[in-house]
């Protein structure tokens, strides 16, 4: 997923979900395949006294791995890693466009590499691969791999056990963390605003509700905030329409960050998708009001790739809905400062606090499952190689390995100053910094074990002032905002009609905002989704929640 943005790549990734592949002949949920028997979970007993004595080749399918491991190219990071673990990694390349299809085909034809990356937790693929013995269970005893063990024992990680809710459930994948905790997602949905434009239009108080935000956006459109003498500016733009969920915390917090499952206010005790609540309708009406007032980019429904960010960085828009993590703020700053060499982004931007919820007066913050995507081990992989794979993960999750595959060679590309890492990048003949990935291609797969969000508050590659801006907002949210009212286990439940959960916030908000009657459009959409499988899905989800004691 990453480093220029765990979130940007996450957007690409979630669009890639395909339907189930694995064929028939599945076992019952409580029957473990032979490759996942109790004996197989204790693979360390067969490992030699020196676990790194024998050289091993490990095949890996992961996004862009072919660009990170290029035959014949010098790479001191790759060489140091391989020498440390006495391994060679054989790249099996997949792209963001084809990874799901390829892995499904390989799984069905017994051609999987030793390990592969995919987002399958909670899907039918995940269940089938476990029950058909296609993927290997992880050892019960992870103590030989302390960094892996620490991660797997972290907050929120029990949901990755199969079967979920079973006290004897086991791990069948190594989750690729976005964050160490469900609570660390608070800045992964946010609003960046040009505070210099606010001063130029005579509004210095940050908006605290939708009416004040609309007033500010209208001023950005009408009062020449860039002072070029032309009426050529936009109020709010966004990465894409999905990021307008930021407004929903003031109406239906279960829509913050997407469509979560919440308790139905009109049917106490029943779980429903948040878009079906009347509070969600009120939030959609508020965004429609912003659009009708001229405060929202008229192209919001068709924005692709970096178009929204580029408008904002080029002084065409005064606010930008994306996330406000240190890496995204730094990423936006790079483009902004190219377009505005006389300005520093840190001096002209502010990040807004969420609006109070109109129903209960509370602030809400985003929470989510700790990981996006997982690494699976082919069930045909022998115990010694499984041990080496886990030692690889243990190394790159630890400080020494993490620094190596992200920042390069200590003493050459970075140095320690107390507890801080100071980057000392190489420069070309023109004095420009040479990206570490140019010198060491292997760093392109720095996300082999985790995404960038895990170290976002200490990452030396992000601008310190922007890092502090994001960190300060996170501190405020942790102190003042409640987690969105959901249970993160619900979307991962194994129910027959799970594939009917096709609703997406982006589709709903676009249809409602561009309609002449938001309420009618919303009612029609809810009826359509219910008729096309959601009624059955809601019934199944609630039955499963009752079975597992999820209240």
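The values are calculated or read from the model by the stated rules, or taken from the named source; none is laboratory data. This one's a predicted model, so the numbers in the text were calculated from it and none came from an experiment. Backbone-built Cβ (ideal geometry, glycine too); neighbour counts: all protein chains shown.
Structural remarks
- Here residue 494 fulfils each of the conditions (1) closer than 24 Å to residue 117 by Cβ; (2) over 19 Å from the mean Cα position of the chain (by Cα); (3) part of a helix (DSSP H, G or I) apart from (3).
- If the condition is being part of a helix (DSSP H, G or I) and in contact with a helix residue (DSSP H, G or I) (Cβ under 9 Å, 6 or more places away or on another chain), then segment 244-262 contributes 244, 245, 247, 248, 249, 250, 253, 254, 255.
- Every condition in (1) over 20 Å from the mean Cα position of the chain (by Cα); (2) farther than 15 Å from residue 176 by Cα; (3) touching a residue at least 12 places away in the same chain (Cβ under 8 Å) is met by residue 109 except one, and the failing one is (3).
- Against the conditions (1) buried (at least 23 other Cβ atoms within 10 Å of the Cβ); (2) at pLDDT 95 or above; (3) touching a strand residue (DSSP E or B) at 6+ places or on another chain (Cβ under 6 Å), residue 92 satisfies every one except (1).
- Given (1) in contact (Cβ under 8 Å) with a residue 40 or more places away in the chain; (2) more than 30 Å from residue 374 (Cα to Cα); (3) not in a loop (DSSP other than H, G, I, E, B), index of the condition residue 176 fails: (2)
- Residue list for segment 286-314, restricted to those being more than 13 Å from residue 244 (Cβ to Cβ), in a helix (DSSP H, G or I) and over 25 Å from the mean Cα position of the chain (by Cα): 292
- Residues that are farther than 16 Å from residue 529 by Cβ and in a helix (DSSP H, G or I), drawn from segment 264-283: 279, 282, 283
- Residue in segment 344-359 that is at negative phi, part of a helix (DSSP H, G or I), in contact with a strand residue (DSSP E or B) (Cβ under 8 Å, 6 or more places away or on another chain) and surrounded by fewer than 22 Cβ atoms within 10 Å (Cβ to Cβ) present: yes
- Test: residue 315 is surrounded by fewer than 18 Cβ atoms within 10 Å (Cβ to Cβ) and either at pLDDT 95 or above or closer than 30 Å to residue 262 by Cα (or both): no
- So residue 107, is it assigned to a helix (DSSP H, G or I) and touching a helix residue (DSSP H, G or I) at 6+ places or on another chain (Cβ under 9 Å): yes
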